[in-house]
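Only one structure is covered here, and it is reproduced in the block below.
The values are calculated or read from the model by the stated rules, or taken from the named source; none is laboratory data. Values in this document were obtained by computation on a predicted structure and should not be read as measured data. All Cβ positions, glycine included, derive from the backbone under ideal geometry; neighbour counts span all protein chains shown.
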Amino acid sequence: MNLKTYPTKLAVANQFSEFLAKFIAGKEAVSIALSGGSTPKIVFDMLVANYVDTINWNAIHLYWGDERCVPPEDDESNYKMTRKHLLSKVPIPENNIHRIQGENIPTTEAERYGQVLETTLEKHNGIPQFDLVILGMGDDGHTASIFPHEIQLWNSSNNCEVATHPTSGQRRISLTGKIINNAKTVAFIVTGGGKAAKVNSIINKTENYSQYPAAHVSPDSGELYWFLDADAATDL
Ligand code: 6PG
């Protein structure tokens, strides 16, 4: 486990955008599953500000680790956030962008997107394999859109599942542990003091840590990075 802590959320975003640029450098093709949330938004802004002319955008194939079951123009859409902060500002070929279609019937879309992974990604152990999966973590220890109250979805035999937000009831499409832990590299970007207790519990495997979906992220490759700000790392 590669644990990297930086003073502020902005510093995390700055360092992670550098990590991303280096990860992509020299690769003819790289498949990346993006996360939603406020931290990735700043990462995208940094990528545009600092690397728009140096990254080989043609090499990048973008997917999402989760998506809200809303249309792409909805303010809740992770895709809309990514389009606004990244896709509208860099020349990634449209064919390289594999959007989760939040406007579809959730069960239909979970099946469809699972098939997209089967037909467009390399396989490892017969399972679709991302080069990189970027994850956030909620204050409740959820990751992607696998929430503690539905933690059984993590072990689904499917590539994607339909999840339900515990308080809003919003339906979501999420990658499952089968896909996430099969990735070559997984990187958490976690910021904010509200996550400090869960971060400590998960990283130090304290009592009941396994109740948090983020605790089950353990890529077979062993390539797991945590990018934390000081607030999220307070209890470590
Ligand atoms: C989502 C995200 C979610 C996010 C966490 C952390 O669709 O909401 O995928 O899992 O990563 O909630 O979000 P922040 O980066 O805003 O803390």
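Looking across the stretch 187-205, the residues that are away from the ligand (no atom under 13 Å from the Cβ) and out of contact with any Phe, Trp or Tyr (no Cβ under 6 Å at 6 or more places or on another chain) come down to Ala197, Asn200, Ile203, Asn204, Lys205. Only one of the listed residues (Ile173, Ile179) is touching a Phe, Trp or Tyr at 6+ places or on another chain (Cβ under 8 Å) and assigned to a helix (DSSP H, G or I). That residue is Ile179. For the stretch 182-219, a residue qualifies if it is assigned to a loop (DSSP other than H, G, I, E, B) and modelled with pLDDT of 95 or more, and the qualifying residues are Asn182, Ala183, Lys184, Thr191, Gly192, Asn204, Lys205, Thr206, Tyr212, Val217, Ser218, Pro219. Restricted to the stretch 105-129, and to residues there that are out of contact with any helix residue (DSSP H, G or I) (no Cβ under 7 Å at 6 or more places or on another chain) and not in a helix (DSSP H, G or I), the residue that is nearest to Gly193 (Cα to Cα) is Gln129. Quick check on my filter: what residues within the stretch 125-153 are more than 16 Å from the ligand (Cβ to nearest atom), out of contact with any Lys or Arg (no Cβ under 8 Å at 6 or more places or on another chain) and over 23 Å from Asn104 (Cα atoms)? Result: Asn125, Gly126, Gln152.
Every condition in (1) surrounded by fewer than 19 Cβ atoms within 10 Å (Cβ to Cβ); (2) more than 11 Å from the ligand (Cβ to nearest atom); (3) modelled with pLDDT of 95 or more; (4) of a type outside the set (Lys, Arg) is met by Ser31 except one, and the failing one is (1).
From the set of residues in the stretch 160-179 that are surrounded by fewer than 24 Cβ atoms within 10 Å (Cβ to Cβ) and in contact with a Pro (Cβ under 7 Å, 6 or more places away or on another chain), which is farthest from Val217 (Cα to Cα)? Here the residue is Arg171. Scan the stretch 154-169 and tell me whether some residue there is part of a strand (DSSP E or B) and within 12 Å of the ligand (Cβ to nearest atom). Yes, the stretch 154-169 has at least one match. Looking only at residues of the stretch 69-83 that are within 13 Å of the chain's Cα centre (by Cα) and in contact (Cβ under 8 Å) with a residue 24 or more places away in the chain, we find that the one that is nearest to the ligand (Cβ to nearest atom) is Asn78.
If you take the residues of the stretch 130-153 that are touching a Ser or Thr at 6+ places or on another chain (Cβ under 7 Å) and not in a loop (DSSP other than H, G, I, E, B), which of them is surrounded by the most Cβ atoms within 10 Å (Cβ to Cβ)? Per the stated criteria, the residue is Ile146.
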